[in-house]
Amino acid sequence: MAKVSTNISIDPTLKEKSVALFSEFGLDLSTAISLFLQQSVREKRIPFEIRLDIPNETTKEALSEFEGMKKKKEEYKRYSKLETVLEDIKKR
């Protein structure tokens, strides 16, 4: 199959690290990018999960509350059985 040349612009440090990684797999950068594109076409999607690791406000509040609870463990009731937790919830 004939090949075409494609130019991409990437950060030089990213390129250097990528070339080093792919060479450990026995791949050059061009082959690695081709594999990514082939897998994307085959799966009709980006072949890995893309997400932000930034929690939303509700999650931030919950994490902050949890950190506060860890600092003041003695102020919070502890449970050893789920049934006891459910009974306390029903009482509220």
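From Lys60, Lys90, grab the single residue that is loosely packed, with under 10 Cβ neighbours inside 10 Å and either at negative phi or not in a loop (DSSP other than H, G, I, E, B) (or both).
Numbers: Lys60 fails: loosely packed, with under 10 Cβ neighbours inside 10 Å.
Only one candidate qualifies: Lys90.
Condition check ((1) farther than 19 Å from Lys3 by Cβ; (2) touching a Ser or Thr at 6+ places or on another chain (Cβ under 7 Å); (3) at pLDDT 95 or above; (4) hydroxyl-bearing (Ser, Thr, Tyr)) across all residues:
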residue	(1), (2), (3), (4)
Leu21	yes, no, yes, no
Glu24	yes, no, yes, no
Ser40	no, no, yes, yes
Phe48	yes, no, no, no
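Please verify whether Leu27 is surrounded by 10 or more Cβ atoms within 10 Å (Cβ to Cβ) and either part of a loop (DSSP other than H, G, I, E, B) or not hydroxyl-bearing (Ser, Thr, Tyr) (or both), treating the condition exactly as stated.
The answer is yes for Leu27.
Take Leu52 and tell me if it is surrounded by 10 or more Cβ atoms within 10 Å (Cβ to Cβ) and without any contact (Cβ under 8 Å) to a residue 12 or more places away in the chain. Working first, answer last.
Numbers: surrounded by 10 or more Cβ atoms within 10 Å (Cβ to Cβ): no; without any contact (Cβ under 8 Å) to a residue 12 or more places away in the chain: yes.
Spelling it out, it is not the case that Leu52 is surrounded by 10 or more Cβ atoms within 10 Å (Cβ to Cβ) and without any contact (Cβ under 8 Å) to a residue 12 or more places away in the chain.
Of all residues in the range 3-24, those satisfying the criterion of being surrounded by fewer than 10 Cβ atoms within 10 Å (Cβ to Cβ) and either in contact (Cβ under 8 Å) with a residue 40 or more places away in the chain or not aliphatic (A, V, I, L, M) (or both) are Lys3, Ser5, Thr6, Asn7, Ser9, Asp11, Pro12, Thr13, Glu24. Answer with yes or no whether Pro55 is in a loop (DSSP other than H, G, I, E, B), over 28 Å from Ala20 (Cα atoms) and out of contact with any strand residue (DSSP E or B) (no Cβ under 9 Å at 6 or more places or on another chain). Criteria met by Pro55. Scanning the range 47-92 for residues that are charged (D, E, K, R) and closer than 30 Å to Leu35 by Cβ turns up Glu49, Arg51, Asp53.
The values are calculated or read from the model by the stated rules, or taken from the named source; none is laboratory data. Just so it is clear, the model here is predicted, and its values are computed rather than measured. Here the Cβ is made from the backbone with ideal geometry for all residues, glycine too, and neighbour counts use every protein chain on show.
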